[in-house]
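Down below is the structure, laid out as C-alpha cells.
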Amino acid sequence: MSDQERNWVDEEMDSLKLGDERLEKRVRKIIRDFSQNPTASIPEFCGDRAATQATYNLLSQKNLKAQAIPAAQRQATVHRIEQGGYRLILAVQDTTEFNYSHHPATTGLGGLDHPSYQGFFSHTTLAVTPEGLPLGLLAQESWVRAKPQPDQKQARAARPIEQKESYKWFKGLDQGTTNFPAGVSVLTISDQESDIFEYFVHPRPPQVDVLVRAWRERQVEAEVSSLWATIQSSPGQGRVEVEVCATPKRVGRLARCQVYYKQVTLKSPQKRPGLPPDLKPVTLGAVLIREMNAPKGTKAIEWLLLTTWHIASFEQACQLIEFYSRRWLIERFHFVLKSGCALEQRQLKQEFRLERFLLLANVVAWRLLWLTYLGRINPDLPCSVALDPAEWQALYCFIHKTALAPPQPPSIHQALSWIAQLGGFLGRKSDGAPGVKVLWRGWRRLFDITQAWLIFNSS
C-alpha cells in the first residue's frame, strides 16, 4: 500500500495505546486493508491466510483493551478541530441497531425493536462542522438489550432516568463534549427520542448547548395553553427553504416553510414516577417550521425545535434550523457502516467480536463519509489532501485513456467525480452530487487501478 494511505491510518490511530506494540501495528494494518475493500469479507480484504488468522485472533482476544481504539479516534477528531480553528462544532448523536437475525448461530445477541429480530444497539456522537463536514467520532456506546420481564413496563416507568436505556442521550452529551479545545463551543443535536425534560436541565459545561426536535406536549408557564399551541399562536416571523433529504420512502426536495420562534419556560413534569423531586422549570428557545404547499401525496414537514440557545432574531432561528438539518449526517454514517462496510453481513459467531469489528469499521466509515462531503464543501482543494500521487495519477490516466498525468493534481471535486464515475455514477443534472454508495464502489475499483498502474510504471 502507498505511503499516503499508511499515513492517514497512522495519523488516525496515532494515540492508540494497547500495551503491546504488535497489537497496535495489527490494528493499523487491519484498518488499512479494510479501507481498500470495505464490503469484502475478512479473508478477502486481508489477502492471505496469516493476515486473516491474525485478524480473527485480535477480534477474539479476551484481554484486548478495545476501548483504546475509539479513544484514539476521538483524539484524532479533537486534533482536527484544533487544527481547523473551528469555533463551533455540532455534536450530532443518534442510535442504530445492527440486525443479525439471519445469523442465528451467533451467541450473545439480544432483542431489537422488532420482537422477532436479534442483534445489538450502538449510540454514536459525530463531530460535524456548521457547514456539514464530518470530522470524526466523539463518543460511542454499544449494548445488548436484556430480555423483557413480565410487568417490566410499569417497573421501568418508575425507575430514575439513570437506570433507563434512554440515558444514552445523557452519556452521549457528557462523553461527546468533554475535554474540548479551549474556545470551542459545542451544540449537541438529537432527534425526538431525546425530548426528555431531565435532558434539558442536565449539567453541562458553559460552552455546551443542546438542540432537540420535540414531540411531547408540555405546559408553558405564564401561558393558558400548551407548548405547541403557544408556538402556533405566535405570529409567523418569516419563511425559509429547508432541504428534505431523499429516503427510500420519499423524494428529496426543497421545502418552503413558515418559521415561528419564541422563548418559552416549560413547567417541570409532575405526574411521571421516577422524576427527581427538585426539578425546576426551564427556559428554552423554541423554533417551529411548517412546510407550505407540500407536493401532493407528500407529508408536509413540521419541526418543533427546543434549544438552550437564546434566540434573539429570525436569522438565529434560521441558523438553528440549518444546524438541525446536519443531523442527517449521523444517519448517513450508520448507512455507511451497514452498507459500505457490510457490518450486518459479518459472521463472527460471538456478539463481542462484532462489537470489536465495529470499532475498526468506524474509522473506515468516517473516512468514506468525510471524502464524500469534503468534495461538496471544499470543492477547490487539491485532491492530494485525500489521494496520494499514485492514486490521483492512476485515476487521471484511466479516465482520460492516457499514459501522461498532469504535473498538478486536479481538484478534490473533480477527482471524486471521477471516482464516482468508476462506481457507476452517470453525472446527469438530475443525479445531483455523487453519494457515499457510488464513491465506495469507485474507491474499490481505484485501488485495483492504482495497483496495476504502479506495476506498469515501476520501471
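Computed from the coordinates by the stated procedures, all read-outs in this text should not be read as laboratory data. Bear in mind the structure is a predicted one, so any value in this text is a computation, not a measurement. Cβ atoms come from the backbone with ideal geometry, glycine included; neighbour counts cover every protein chain shown.
What number, in percent, do you get for the relative contact order of segment 378-456 if the mean sequence gap of Cα pairs under 8 Å and at least 6 apart is divided by its residue count?
Numbers: 91 pairs, mean separation 26.2, N = 79.
Reported relative contact order: 33 percent.
Return a whole-number percent for the relative contact order of segment 68-335, with Cα pairs under 8 Å and 6 or more residues apart as the contact set. Don't jump to the answer; show the numbers that get you there.
On the way: 485 pairs, mean separation 46.0, N = 268.
Once divided by the residue count of segment 68-335, the mean separation gives 17 percent.
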**Item:** Cβ-derived FRET efficiency at R0 41 Å, Glu11 paired with Ala50, nearest 0.05
**Value:** 0.95
**Request:** Post the alpha-carbon centroid distance, segment 39-88 to segment 398-459, in whole angstrom.
**Result:** 26 Å
**Request:** Quickly work out the Gln61-to-Ser41 label distance, labels modelled 7 Å from Cα along the C-beta direction, and quote it in nm with one decimal.
**Result:** 2.5 nm
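Below 8 Å, C-alpha to C-alpha, sequence gap of six or more: please give me the relative contact order for the chain in percent. Mind dumping the intermediate values first?
Details: 754 pairs, mean separation 69.4, N = 459.
Contact order relative to length: 15 percent.
Run through segment 228-317 and list the trypsin sites (Lys or Arg not before Pro) located in a DSSP loop whose Cβ has at most 11 other Cβ atoms within 10 Å. If you can, show how the numbers build up before the last one.
Working: sites: Arg239, Lys249, Arg250, Arg253, Arg256, Lys262, Lys267, Lys271, Arg290, Lys296, Lys299; in loops: Lys249, Lys267, Lys271, Lys296, Lys299.
Counting only loop positions with at most 11 other Cβ atoms within 10 Å, the trypsin sites (Lys or Arg not before Pro) in segment 228-317 are Lys249, Lys271, Lys296, Lys299.
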**Note, ³J(HN,Hα) from phi for segment 304-314, Karplus 6.51, -1.76, 1.60, rounded to Hz, x at Gly and Pro** = 10, 9, 10, 8, 7, 5, 7, 9, 10, 7, 4
**Request:** Considering only lysines 8 or more places apart in sequence, or on different chains, count the pairs in segment 225-382 whose C-alpha atoms sit under 21 Å apart.
**Result:** 7
**Prompt:** Normalized C-alpha radius of gyration of segment 40-163, against 2.2 N^0.38 Å?
**Reply:** 1.39
**Item:** Approximate shape of segment 68-335 as ellipsoid semi-axes (Cα gyration tensor, √5λ), whole Å, largest first
**Value:** 29, 24, 22
**Complete:** For 172-178, 275-281, ranked highest to lowest by mean beta-carbon neighbours within 10 Å, the order is 172-178, 275-281
**Prompt:** Which entry in (i) 124; (ii) 178; (iii) 135 matches volume of the Cα convex hull per residue in Å³ derived from the coordinates of this structure?
**Reply:** (ii)
**Request:** Write out the GluC sites (Glu not before Pro) in segment 66-172 meeting two conditions: DSSP loop, and at most 14 other Cβ atoms within 10 Å of their Cβ.
**Result:** Glu131
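I need Leu395, Leu360 ordered by Cβ neighbour count within 10 Å, fewest first. Let's see the in-between values first.
Values: Leu395 28, Leu360 20.
If I rank by nearby Cβ atoms, fewest first, I get Leu360, Leu395.
What full-extension length gain, to one decimal in nm, is calculated for Lys164 and Ser234 as 0.36 nm per residue of separation minus the Cα-Cα distance?
Numbers: separation 70, 0.36 × 70 = 25.20 nm, distance 3.58 nm.
Value of the extension gain: 21.6 nm.
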**Request:** Would you please name the GluC sites (Glu not before Pro) within segment 194-260 that are DSSP coil residues with at most 16 other C-beta atoms within 10 Å of their C-beta?
**Result:** Glu217, Glu221, Glu223
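For Ala105 and Arg250, compute 0.36 nm times the residue count separating them, minus their Cα-Cα distance, and round to one decimal in nm. Display every interim value, and only then the final one.
Numbers: separation 145, 0.36 × 145 = 52.20 nm, distance 3.59 nm.
Length difference between fully extended and current span is 48.6 nm.
Relative to the present Cα-Cα distance, how much length would full extension add between Ala312 and Asn457 at 0.36 nm per residue of separation? The partial results should precede the final answer.
On the way: separation 145, 0.36 × 145 = 52.20 nm, distance 6.15 nm.
In short, 46.0 nm is gained.
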**Request:** Would you mind getting me the FRET efficiency between Gln263 and Glu322? Use the beta-carbon distance for r and R0 = 35 Å, nearest 0.05.
**Result:** 0.95
**Message:** Tell me the angle of helix 168-177 to the major Cα principal axis of the chain, expressed in degrees between 0 and 90 and rounded to the nearest ten.
**Reply:** 60 degrees
**Asked** Separation between the Ser142 and Leu426 pseudo-spin-labels, each 7 Å from Cα along Cα→Cβ, expressed in nm?
**Response** 3.8 nm
